[in-house]
Structures are given as structure tokens and as C-alpha cells.
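FYI, it's all coordinate maths here, none of it is from the lab. Everything numeric in this text was worked out from a predicted model, so none of it was measured. Cβ atoms come from the backbone with ideal geometry, glycine included; neighbour counts cover every protein chain shown.
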Amino acid sequence: MLGKETKYWNEVARRRQRWLTRYPTYELLAEHKRKTYIGLIARWVEVTNNQKILKTDLFPEASGLAQVLFDIAPDNGNVIGIDISAETVEQAKIQASRHGVDSSKYLCCDVRQLPLQDSSIDLVISDSTLDHFPTEADIIVALKELYRVMRFGGTLILTMDNKGKLGEPLRSLWIRLGLAPFFIGKTYSIKELKSALQSIGFDVEDTTAIIHQPMFFLKRIVRLLHRLSARRFDPLIKKILASQDNFEKRRTKYLTGLYIAAKAVKRGAS
Ligand SMILES: C[S@@+](CC[C@H](N)C(=O)[O-])C[C@H]1O[C@@H](n2cnc3c(N)ncnc32)[C@H](O)[C@@H]1O
């Protein structure tokens, strides 16, 4: 199983390096995503240097764009970053060394089968990894595995594609037409996510929805603006991105957010 999926995601990682050179303008959107994640993590947990932290994929770190690991715990030597793609792990290690960050615990493995001891991790950050599986049963296997490796009292910060958003029918069509740049899997609405986490034993302490921009259109608009007028419109684009963050404060956030997010704690005996 690992072999076939590793091969597939290695190919995605190689392709992505080519897109990044072709479309450097994605930087602006990636930077906004990075700041959103850093803000969410800071709001939900206090990250310290002696915590054992696990991140469930290294896709953003590998590109050096939208990466969170190098900023939230730059001096922590206990950060385990995993990815099923060996290529992505290697690229993330190169980026980590550029940022002066220890990457000795970055591993190529499957989040559904972690080579980690029971109850050994204080904080898990899973940013849209579990929405790349073909079945919901895979999501449950991965959540159970995260629960197993987390210590009692440990926190999971999880995001997934938001199945409940208004744009979902269009997105499903885009996937069905084969236009997605990589495999997009099953995902949940916020209600389903909460119930899956609770069924495994997690306490869901908070939830939200993040990134409220129609990314498909925005990527194309930003590309066009850059072509027309280099970076003259960057301040305006940044302003628009920042203003969209206010949607998170509205009651309609689960209709507009691209990702649902949950803070879940493993309670029980310590
Ligand atoms: C398309 S990326 C998206 C996730 C990314 N965190 C983001 O910022 O949107 C999916 C990542 O998950 C990794 N991945 C896919 N299946 C995995 C698995 N079973 N275990 C660990 N990583 C996996 C892929 O190699 C890839 O780096």
C-alpha cells in the first residue's frame, strides 16, 4: 500500500515544484494561508519547546510556502513531520535547513500507520491531510491512529476540506471533470467531523471554519493581475484577503469556509 501511494504523491511533489516555478504569484495566497494557520494554532494552544509535536503532512513545508512548522516551533527539537511522499520529506528537510530548523525527525510514513509509541505526542497538527483518502473508513483509521499516539491531555488541531460549504457542488464537478491538481478524497461537514472525533473518544473543545476566499477564481485573478501589472495590485489583494477573514466571525462561517477546523483533546487517565 505504502509503495503505490508514495509513488503517486512523489509524482505530485515533483509536479508541484514545476508549478511553483511557473506560477510564483501563488506566494501571496500561500502567505495568507500560512498566517491563517499560525493564527489558529496560537489561538488554540500554547506551543512550547519541550512539547512533542507531530504534523501529519509536509506539503506546505516542502515548498517553503504556507509552511507553519518552521514558525510555530523553530527551536523545538521534538518536532516530527511526516508525509507519505519521500520526495516531499526530502524537500521539507531542505527548506528546514534554510530556515535553520531541526528536521532530523521528519519521516516518510503513512498517517494511518505511525511508527510512534502510544501516548507519546503532546500536539498534533493535521492540516488537510485526512481529506486525501478514497474512503471515510480511511479517515477513521487515521483519527484512531492519531488518538493512539497522543498522550492524555494532548491536543489535536485538525483541518479538512469543508463538505458543507456553498461552493461544494461546483468543487465536486471540478473534481469529477479531472481538473484537480491531485487526488482529493472524502471529507466531512462540521457536524460529521465532530461526531467522528467524539466517536473515537476525543473531546471537541472548539471548531471553526477558515479561508473564506473562492480560491479557484482568486488564483486566476491574481495570476492575471500579475501579468497585467507586475505586483502593483499586491496591496489591494492583501487587503481583500484580510477582509475575507471577517467571515470567520459570522454565523454563516460553515457555509463560506474552505476548511473546517477542530480543536480536540484526548481526555482520560494520565
Ligand atoms: C495535497 S497535500 C495537501 C495538504 C496540505 N497540508 C495543505 O496545505 O493543503 C496532501 C499531502 O498529504 C500527503 N499524504 C497523502 N496521503 C498521506 C498519508 N496516508 N499519510 C501521510 N501523508 C499523506 C501527500 O504526500 C501530500 O503531501
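DSSP beta bridges fully contained in the chain are about 50 percent antiparallel. For region 193-206, the Karplus equation 6.51 cos²θ - 1.76 cosθ + 1.60, evaluated at θ = phi - 60°, returns couplings of 5, 4, 5, 5, 5, 5, 5, 8, x, 6, 9, 8, 8, 7 Hz by residue, with Gly and Pro reported as x.
Ratio of alpha-carbon Rg to the 2.2 N^0.38 Å globular estimate for the chain, to two decimals, please.
Numbers: Rg = 18.0 Å, N = 270, 2.2 N^0.38 = 18.5 Å.
Ratio of Cα Rg to 2.2 N^0.38 Å: 0.98.
The calculated Kirkwood hydrodynamic radius for region 135-270 is 16.9 Å, given to one decimal from all distinct C-alpha pairs.
Remark on GLY154: its backbone amide H falls under 5 Å from those of LYS266, a criterion applied only to residues 5 or more positions apart or on other chains, H modelled at 1.01 Å from N. When you count the other C-beta atoms within 10 angstrom of each residue and take the mean per peptide, 170-183, 96-109 line up highest first as 96-109, 170-183.
If you count, for each residue, the other Cβ atoms within 10 Å and average over each peptide, how do 122-135, 231-244 line up from highest to lowest?
Working: 122-135: 20.8, 231-244: 13.5.
The densest-packed peptide leads the list: 122-135, 231-244.
Angle of helix 215-229 to the longest C-alpha principal axis of the chain, folded into 0 to 90 degrees and rounded to 10: 40°.
For the chain, the residue among PRO60, SER229, GLY164 whose Cα projects farthest onto the positive side of the dipole built from Cβ charges is SER229. If R0 is taken as 45 Å, the Cβ-Cβ distance between LEU236 and GLU192 corresponds to a FRET efficiency of 0.75. 3J(HN,Hα) along region 150-163: 7, 7, 5, x, x, 10, 10, 10, 10, 10, 8, 3, 8, 5 Hz, from the Karplus curve 6.51 cos²θ - 1.76 cosθ + 1.60 with θ = phi - 60°, whole Hz, x for Gly and Pro. Annotation: amide H of LEU116 has no partner in the under-5 Å range at sequence separation 5 or more or interchain, hydrogens built in the peptide plane.
Can you tell me the equivalent ellipsoid semi-axes for region 133-196? Use √(5λ) from the Cα gyration tensor, largest first, whole Å. Don't skip to the answer; put the middle values down first.
Values: eigenvalues 141, 35, 18 Å².
The answer is 27, 13, 9 Å, longest axis first.
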